[in-house]
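Visitor: First the structure, which I've put down as structure tokens, then a few questions once you've had a look.
Derivation of every value follows stated rules applied to the coordinates shown; laboratory data play no part. Please read all numbers here as calculations on a predicted model, not as lab measurements. In this analysis, Cβ positions are derived from the backbone assuming ideal geometry, glycine residues included, and neighbour counts consider all displayed protein chains.
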Amino acid sequence: MKFKRYLDKFLNLPLRHKFILSFLAVISLGGLLTLTFGTRLEHRTIISLAQAKVQHDLASAWMVYNEKLSDIRDIVRINSSRESVQNSLKTNDRETLLKYLGRVRKEFNLDVLSLTDSQGKIIFRTSQPDLWGDEQDHDPLVLRALKGEIVSSTQIIPREDLVKENKNLAVQAYLDIIPTPKAAPSLKKHEEDGMMLKAAAPLIDEDYRIIGVLYGGILLNRDYEIVDRVKEIVFKGEKYKGREIGTATIFQHDLRISTNVKKENGERAIGTRVSQEVNQAVLKEGKPWIHRAFVVNAWYISAYEPIKNIDGGIIGILYVGMLEKPYIDLRNKVMITFTGIAVLCVIILLVILFFITSTIIRPLQNMVFATNKIARGDMNHKVDISFQDEVGQLAQSFNQMTDALKIANQKLILWGKTLEKRVEERTKELKDMQDSMIQSEKMASLGKIAAGVAHEINNPLTSILINTHLMMEKTSKESPFQENLNMISEETSRCSDIVKGLLEFARQNPPQKSYVDINEIVNTVIGILEKQVTLKNIQIFKKLEKKLPLIGVDASKIKQVFWNLIINAAEAMPQGGTLMISSRLSRSEQFIEVECLDTGVGISDEQKKKLFDPFFTTKGGGTGLGLAVSYGIIEQHHGRIDVKSQLSQGSSFTVSLPVKGT
Amino acid sequence: MMEERMEDMVKRKILVVDDEINVCKSIRQAITKEEYDVDMALSGEEALQMDKEKLYDLVITDLMMPGISGVELLTSIKINRPEVIVILVTGYPTIKTAVQSVKLGAFDYIPKPFTPDELRSLVSRAFREAAGKGIETEKTPSPVIPEGLYLMRGHTWLRKEEEHMATIGIVYDFFKNLERITRIELTPENKTIIQGEVCARITDAEGHIHRIWSPASGRIARINKTIEEDINLLKKDPYGRGWLLQIVAPELEKDIEGLVAS
């Protein structure tokens, strides 16, 4: 749900933001992944390189260490085979031996150089000449030398032995154990034993008899020669931010007895112990341990290997470590560079994106602007076409659409206008049609009744008229009845006239149609009537549309209609006037219209209603049948007569005849 | 006077035919004279039957009757006895038929309703003509009817003038059996007249008023004022200066169909 809401929020953002956010997301993800995996890979590479180096350094350290050991062995071997030493031992000249060997010990900086007899009994110790005659047969090196071997090895020397050799050595070896985090738990508070590089060689006379053993050694506790040499040779004394890059340590068991790892206060960190992890791997399992390790107070990339005594027992550890910090710093530097490049890329990309989206979005924004304008009705607005890409094509199409829309809109407006007009016209037409239908129905029923009544009424009228006259004949001329009879006669005649009128109207033969030119009929009628007295003061204008279609009508009947209309028009203008006769095709092209327009007295609305009724006349002498008959004729032709009039302005009669006769 | 005496001896036999008894009676009363023997028939069939027995001189018949119509009666009688005078009584709707029936041999027709005088004038004119026909010699021979005229026989003529105009006059024969004409009354200008209806009335010396039927329908454009001054022109120059009216006739061709060309 929440995700969907965010998605919606995102989708509603402006296009540019969407673009940029999407790109940004992709870049960030890519960058992050690259950074993560890259740095890890880089880290691993750097670390493994460092580890390889440290391994190599450890080998170098061993070389230094073993060189020292072999130095001691050489000193012991050379001096044991010296003739003067053997002669002095045979002669038991302790003075000379002590003098000579004492000088050798000092010369080669040995801590111990002692001589035993063939039984392993101390003849003298150069470091403590006063103490002699005790057995040295518990010393494995001496024992092996008594058997004729020249041996050298690192050995743990118990305190009592150290004391025997020299009290100072015991003091040198003594170390308070400093509690160290991560070290294996131990109850030991101090270390009294010492660890020594030691060598022993037999003294063999001319008869190949072993006459004694010379042994010597260097106490490693608090002796920093080896470790400092390692530092110098391997790491060339390089420092990183005040710290030694390379360190070396010799452990007696898990205790640092000789090291150049410094404590916070700058002192050598002797008396501290190795971590339990290393303890386990190297001391217990006898395996080398190469790893990142926290040494005293900093991380080191370190290598540990066990130091073994002559019997192969593990008695200590040789350690070489490189400060991890330079590598970490290197790694961080790479990472920062990496990140920097990534960020720079993102920024460059954003700038590029900004321009690209601008080029995409600006036309779109223009289009949106244009759409809004058009929506508000401004059809003249055009979108600029900047490029011929998809957006450009869209803009082009958009402009075309706008043009089409404009035209359609104009058409619509125009259509709306004409529609209004058409509705008006049509409404009027309908009304007229309705009026004319009422009229025609009225006429039809009237005609039927008229025909029937007229015929039937003639017979009684005949009887009445004849008998009235017969009575008049039989009555004397002076009789007062004469007047009454005369009146009857006159009224009977009048009845007869009325009946005649009715019949004239009712008597309408079916039209005999032929195809004629309406204009020709109009011309004929006008031609005849022009010469008439009635039309003397009247100006006649013709406006006949040429090329009207021929239509099927009863020419003589239609002639009669125009005749009646023109006569009527003329009679409406007793003082003279203008008569305009025009013909045209109706708008629908379904009718031919002939209009007869006069400038006469006009027709009142009241009169208009009865205009086509038989016997309706406004003239003194008219029969009142002219228009009724005309109406009937046009009706027979399925046409119409429309009247428009204004009092004292004039009237217009329009005859509409269908082009296609039904 | 001699003629009249001769007529005294033989009474004229007249048959009145109409499907309405009142009309029949009225007509009979109107024309009853001592010298006339007037019978009545109420249908065409009855009339034919009676004519076989009595051989009438004059038959006055209604045009529209159930069964045998007036025109059928006319033709039936005339086939055997062409000398019989037939006068058709017509209602207004059948006036065209009446005009055409003159072509078929009817002496004349009379539209309903009419006065006794109008009928009497017609009857008397009919008998005079019948009598006249019997007289071999005339004082003056009838003038020849010019060609190109259309005739309503025994009544009027019509001459086509320029398009749709027509001149109307009275044929000479109409006057032949009449006394001197004393008066003529023309329908005034601009009035519309209809074929078969009255377009003029003439009065003879005896006071009989004769109605002149128009040969065509139209609007009167001009009347001959000369004849009102010199009435004798009617008989003297019936086809020339004695013309009556000029009409504008929109349906001239149709009207001519009911006429006989000279």
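Visitor: Based on Cβ point charges of +1 for Lys and Arg and -1 for Asp and Glu, what charge dipole magnitude is obtained for chain B about its Cα centre, in debye rounded to the nearest 20?
Guide: Roughly 360 debye, rounded to the nearest 20.
Visitor: Residues with amide H under 5 Å of A:Phe591's amide H, sequence separation 5 or more or different chain, H placed in the peptide plane at 1.01 Å from N; which?
Guide: A:Ser586, A:Val659
Visitor: Using a ≥ b ≥ c from the Cα gyration tensor of the range A:180-230 (square roots of the eigenvalues), is it rounded, prolate or oblate, where a/c under 1.5 gives rounded and otherwise the larger of a/b and b/c decides, a/b for prolate?
Guide: Here the range A:180-230 falls in the prolate category.
Visitor: Around A:Met433, with a cut-off of 11 angstrom between Cβ atoms, what is the net charge of the other residues, counting Lys and Arg +1 and Asp and Glu -1?
Guide: Its environment carries a net charge of 0.
Visitor: Tell me whether the range B:24-132 comes out rounded, prolate or oblate; compute the Cα gyration tensor, take square roots of the eigenvalues as a ≥ b ≥ c, and use a/c under 1.5 as the rounded threshold.
Guide: rounded
Visitor: Based on DSSP, what percent of beta bridges with both residues in the range A:466-613 are antiparallel, to the nearest 5?
Guide: 60 percent
Visitor: State to the nearest 20 debye the size of the charge dipole of the range A:189-345 about its Cα centre, where the only charges are +1 on K and R beta carbons and -1 on D and E beta carbons.
Guide: In total the dipole reaches around 900 debye.
Visitor: Then there is this: From the alpha carbon gyration tensor of the range B:149-207, can you work out the equivalent ellipsoid semi-axes (sqrt of 5 times each eigenvalue) and give them in Å, largest to smallest?
Guide: Ellipsoid semi-axes (Å, largest first): 22, 15, 9.
Visitor: Using only the alpha-carbon atoms, how far is helix A:15-80 inclined from the longest principal axis of chain A? Give it as 0 to 90 degrees, nearest 10.
Guide: 10 degrees
Visitor: Something else now. Lys and Arg at +1, Asp and Glu at -1: add these up for the other residues within a Cβ distance under 13 Å of A:His381 and post the number.
Guide: Result for the local shell: +1.
Visitor: Karplus couplings for the range A:540-548 from phi (6.51 cos²θ - 1.76 cosθ + 1.60, θ = phi - 60°), rounded to Hz, Gly and Pro as x?
Guide: Here the 3J(HN,Hα) series is 10, 10, 10, 9, 9, 6, 6, 6, 6 Hz.
Visitor: OK, next. Taking the mean number of other Cβ atoms within 10 Å as a proxy for protection, how do you rank A:190-198, A:257-265, B:227-235, A:380-388 from highest to lowest?
Guide: The peptides rank, most packed first, as A:190-198, A:257-265, B:227-235, A:380-388.
Visitor: Something else about it: What are the trypsin sites (Lys or Arg not before Pro) within the range A:73-162 that DSSP puts in a loop, where the Cβ has at most 13 other Cβ atoms within 10 Å?
Guide: A:Lys147
Visitor: Let me ask another. In whole Å, how far is the Cα centre of the range A:456-473 from that of the range A:323-344?
Guide: 144 Å
Visitor: Separate question: Evaluate peptide B:189-200: per residue, the Cβ atoms of other protein chains within 10 Å of its Cβ; return the mean as an integer.
Guide: Partner Cβ neighbours, averaged per residue: 2.
Visitor: Could you give the radius of gyration (one decimal) and Dmax (whole number) of the Cα atoms in the protein assembly as shown, in Å?
Guide: 79.9, 242
Visitor: Amide H of A:Arg292 versus every other amide H placed in the peptide plane: which residues, excluding those fewer than 5 positions away on the same chain, fall under 5 Å?
Guide: A:Ser302
Visitor: Something else: What whole number of Å gives the distance from the Cα centroid of the range B:28-105 to the Cα centroid of the range A:140-171?
Guide: Value for the Cα centre distance between the two parts: 192 Å.
Visitor: Something else about it: Separation of the range B:144-223 and the range A:28-83 by C-alpha centroid, Å?
Guide: So the separation of the two Cα centres works out to 161 Å.
Visitor: Give the residue from A:Ala375, A:Val64, A:Val453 lying farthest towards the positive end of the charge dipole for chain A; charges sit on Cβ (+1 for Lys and Arg, -1 for Asp and Glu) and the dipole is referred to the Cα centre.
Guide: Positive-end residue among those listed: A:Val453.
Visitor: For the protein assembly as shown, what does -39500 (n - 2.57) per DSSP helix run (n ≥ 4), summed and divided by total residues, give at 222 nm, in deg cm²/dmol to the nearest 500?
Guide: Estimated from H runs of four or more residues: -15500 deg cm²/dmol.
Visitor: Under 1.5 on a/c is rounded, so check that first for the range A:202-268, then, if it is not, pick prolate when a/b is larger than b/c and oblate when it is not; a ≥ b ≥ c are the square roots of the alpha carbon gyration tensor eigenvalues.
Guide: The shape class here is prolate.
Visitor: Sticking with this structure for a sec: Sorting check: for A:202-209, A:7-14, B:184-191, B:41-48, which peptide has the highest mean count of neighbouring beta carbons within 10 Å, and how do the rest follow?
Guide: Final packing ranking: B:41-48, B:184-191, A:202-209, A:7-14.
Visitor: Nearest 20 debye, what's the magnitude of the dipole of the protein assembly as shown about its Cα centre given +1 on Lys and Arg Cβ and -1 on Asp and Glu Cβ?
Guide: 4440 debye
Visitor: Using +1 at the Cβ of each Lys and Arg and -1 at the Cβ of each Asp and Glu in the protein assembly as shown, identify which of A:Val594, B:Ala47, A:Leu350 lies farthest towards the dipole's positive end.
Guide: After comparing all options, I get A:Leu350.
Visitor: Shifting gears a bit: Can you find, among B:Pro113, B:Val99, B:Leu88, the residue farthest towards the positive end of the dipole of the range B:72-119? Put +1 on the C-beta of Lys and Arg, -1 on that of Asp and Glu.
Guide: Farthest towards the positive pole: B:Val99.
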